[in-house]
Amino acid sequence: MSTLTQEQVMAALRHVQEPELNQDLVTLGMIEDLKVDDTVVSLTVMLTTPGCPLKAEIHDRIFTELAKIGVTSVNVGWGHKPRGQALPVALPGIQHVIAIGSGKGGVGKSTVSVNLAISLSEMGARVGLLDADIYGPSIPMMMGADERPRQLNNKLVPVERHGVKLMSMGFLLPNPEDPVIWRGPMLHGVIQQFLNEVDWGELDYLLIDMPPGTGDVPLSLSQSIPLSGVVIVITPQPVAASIGMKTLKMFETAKVPILGIVENMSYFVCPSCTTETNIFSRGGGRVVADAKKVPFLGEVPLDPKIREGGDTGAPVTVSEPQSPQAEAFRKVTAAMVEQVHCQPLMAAVTTV
Ligand SMILES: Nc1ncnc2c1ncn2[C@@H]1O[C@H](COP(=O)(O)OP(=O)(O)O)[C@@H](O)[C@H]1O
Ligand SMILES: [Mg+2]
């Protein structure tokens, strides 16, 4: 077999389609650092987001095409290059702002928020988490953070835990147990300050744990923040599903893209016999998703480890990363990333 040239390899890579964008990797400018040594190739694929769930698929396609021209070994590295022009940046330095919403309190919005944030960070993304539940801030406790944010050049420096930058009203109250009694407009101002007067630095994702409800507060917040989309958390009881529908409608009316629905407390896995029991009517989240034609991002079990993680400041994705519970959150995270990134990008690229 004769020695291959860079040109031959590039020509073969032109036959590798990016699975979602329907264009090849070369045209999309995703190939960098190509080195060809006899029949051994190494290259870096620049993804549009760290931890893009399409990695495995892209890897297989590259391998198949290059094998056809006699390549014997491919070493694929992964890089990350947001497509600056196609995707407008949400806020200076922040690529994507994602809200986590629900109609009802107590469905596990904060639990889902912290575990999604940690999973994103573990995928290599730079992540912030803003607790917009001003009346009942729970992020500091769930993340095991109780220090006060420092002030630097007139900006607040987020507190960092488990690889995530955090900001919450809970950090700023003289006594965290004190109730916050504010009216809507004041609350609005605080959230704007949290966005603009906190030194978030460069972030791939800023998650916002939204206040509960289908009323004015989440609505006006979602309109004043440049959101990439919202993830809606519901539990499988019929009443929660109906509130989930209302919440969805509210965000749709506000023209916020719906990234999908997460069903929390979906089923219970017996710790001794591993039998799955559907305590509520499991599947309610998927029913809502199908009815409203929005993506279903996954199910999270009802599990004591998940609650303990939240109570002790070490969410299950940190305390037991190998557990099926942590895996459930990682699956939801991957599905969410796919919705945020791969799809809007597809629209942006195909219209060029
Ligand atoms: N999947 C789950 N399994 C067990 N407990 C959970 C689960 N999700 C949430 N919880 C617990 O339920 C309570 C409410 O969750 P939280 O995330 O604070 O809800 P929200 O932010 O929607 O009000 C917390 O005590 C939390 O630890
Ligand atoms: Mg909460």
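Nothing in this text is a laboratory measurement; each read-out follows from the coordinates by a stated rule. These numbers were taken from a predicted model, which means no experiment stands behind them. Every residue, glycine as well, gets a Cβ built from its backbone with ideal geometry; the counts of neighbours run over all protein chains shown.
Take the alpha carbon gyration tensor of the stretch 6-80, find the square roots of its eigenvalues, order them as a ≥ b ≥ c, and report rounded if a/c is under 1.5; if not, report prolate when a/b exceeds b/c, else oblate. Provide the component values of the computation, followed by the final result.
Values: a/c = 1.68, a/b = 1.49, b/c = 1.13.
Judged from the Cα gyration tensor, the stretch 6-80 comes out prolate (a/c at least 1.5, a/b above b/c).
Please give the FRET efficiency for Q23 paired with S323, using the beta carbon to beta carbon distance and R0 = 45 Å, rounded to the nearest 0.05. Don't skip to the end; give the middle numbers.
Values: r = 39 Å, r/R0 = 0.86.
My answer for the efficiency is 0.70.
If you take the square roots of the eigenvalues of the alpha-carbon gyration tensor of the chain and sort them as a ≥ b ≥ c, do you get rounded (a/c under 1.5), prolate (a/b over b/c) or oblate? Please list the in-between numbers first.
On the way: a/c = 1.91, a/b = 1.62, b/c = 1.18.
Prolate, because a/c is 1.5 or more and a/b exceeds b/c.
If the cut-off is 26 Å between C-alpha atoms, which lysines fall inside it for K68, apart from same-chain ones fewer than 8 positions away?
K35, K55
Exposure proxy check: D204, D199, D131, D311 ranked by fewest other beta carbons within 10 Å?
Details: D204 23, D199 17, D131 27, D311 11.
Placing the least packed residue first, the sequence is D311, D199, D204, D131.
Taking the number of other C-beta atoms within 10 Å as the exposure measure, put E202, E32 in order starting with the fewest. The partial results should precede the final answer.
Values: E202 9, E32 12.
Least crowded to most crowded, the residues run E202, E32.
Fewest to most neighbouring Cβ within 10 Å: what's the order for Y135, Y205? Walk me through the numbers on the way to the answer.
Values: Y135 14, Y205 29.
Neighbour counts put them in this order, fewest first: Y135, Y205.
Under 16 Å between alpha carbons, and skipping anything fewer than 8 positions from K155 in its own chain: which lysines qualify?
K165
Straight-line reach from K249: which aspartates and glutamates have Cα under 17 Å away, leaving out those fewer than 8 places along the same chain?
Result set, ordered by chain and number: D216, D290.
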